[in-house]
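*Asks:* After the structure tokens below, expect a handful of questions from me.
What follows is calculated from the coordinates using simple rules that are stated; it is not laboratory data. Just so it is clear, the structure is predicted and the values come from calculations on it, not from any experiment. Backbone-built Cβ (ideal geometry, glycine too); neighbour counts: all protein chains shown.
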Amino acid sequence: MKIVATDLKECFIIEDSKFIDERGYFFESFNKKKFFEATGIIADFVQDNQSSSEKGVLRGLHFQRGEHAQAKLVRVLSGSVLDVVVDIRKDSATFGQHFSIELSENSSTQLYIPRGFAHGFVVLSDKATFFYKCDNYYNQTAEGGLLYNDPELNINWVLPEEDLILSEKDKVNPLLNDIIHNQHLTV
């Protein structure tokens, strides 16, 4: 397992080596001990989630507030996505900055997203199956979101705006500045 730091504090790319032979492939998708030795972070995942989406579906940018904040380990089981995270920890040196990476079934690359980040992805292939582990249980009352096309964030979602498919809720998420000024950001 190779762990690479991103420009965002405590956000890591995890690259695993696939062992391929005539039977198919095998790789270790997560090892708590190796992850801790490389990052100093104790990851205790309690919930797994999976979604299937068509090309152009954009899910995000989502987060959980307060005591319900979640760290995530995300990967793609089939297809490909552009995965995007935004640091929304007010006291962080990288607050308001984002990072994006293409994740696909053809790689064993994963992204570890710490608590205090908004997360989203857009499907680049005809269809994609997205899988993620969370270190805290989902709580609907703690749900939050950022507007995917917030001009201050200036995220390049790769696909043309007219090809994006969003839920009604994700179309009206607040801007980062609005969340900060209304003091709704307690992650």
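*Asks:* Quick one: if the Förster radius is 22 Å, what FRET efficiency do GLU22 and THR129 give, using the C-beta to C-beta distance and rounding to 0.05?
*Replies:* 0.30
*Asks:* Take the alpha carbon gyration tensor of segment 40-116, find the square roots of its eigenvalues, order them as a ≥ b ≥ c, and report rounded if a/c is under 1.5; if not, report prolate when a/b exceeds b/c, else oblate.
*Replies:* Cα axes put segment 40-116 in the prolate bin.
*Asks:* Can you pull the one-decimal nm distance between simple spin-label points at PHE45 and ALA93, each 7 Å off the Cα toward Cβ?
*Replies:* Output for this residue pair reads 2.9 nm.
*Asks:* Additional query: Which of these, LYS55, LYS171, LYS33, has the largest mean-square fluctuation under a Gaussian network model of the chain (Cα springs below 10 Å)?
*Replies:* LYS33
*Asks:* Given the pairs LYS2/LYS72; LYS9/LYS32; LYS18/LYS72; LYS33/LYS133; LYS34/LYS127, which span a C-alpha to C-alpha distance of over 28 angstrom in this model?
*Replies:* Pairs exceeding 28 Å: LYS34/LYS127.
*Asks:* Using modelled backbone amide H atoms (1.01 Å from N, in-plane), which distant-in-sequence or interchain residues come within less than 5 Å of LYS9's amide H?
*Replies:* Under 5 Å from the amide H of LYS9: THR94.
*Asks:* If the only charges are +1 at each Lys and Arg Cβ and -1 at each Asp and Glu Cβ, what is the size of the charge dipole of the chain around the Cα centre, to the nearest 20 debye?
*Replies:* Charge dipole of the chain: 480 debye, to the nearest 20.
*Asks:* Could you tell me which of VAL74, MET1, ASN154 has its Cα farthest along the dipole of the chain towards the positive end, charges placed at Cβ (Lys, Arg +1; Asp, Glu -1), taken about the Cα centre?
*Replies:* MET1
*Asks:* If the chain between PHE36 and ASN106 were fully stretched, how many nm would it gain, using 0.36 nm times the residue separation less the Cα-Cα distance?
*Replies:* Taking 0.36 nm per residue and subtracting the Cα distance, the gain is 22.6 nm.
*Asks:* Let me ask something else about it. Provide the gained length on full extension for the span ALA5 to ILE180, in nm with one decimal, where the gain is 0.36 nm per separating residue minus the Cα-Cα distance.
*Replies:* Extending this stretch completely gives an extra 60.3 nm.
*Asks:* From the Cα trace of segment 2-181, what convex hull volume per residue do you get, rounded to a whole Å³?
*Replies:* 123
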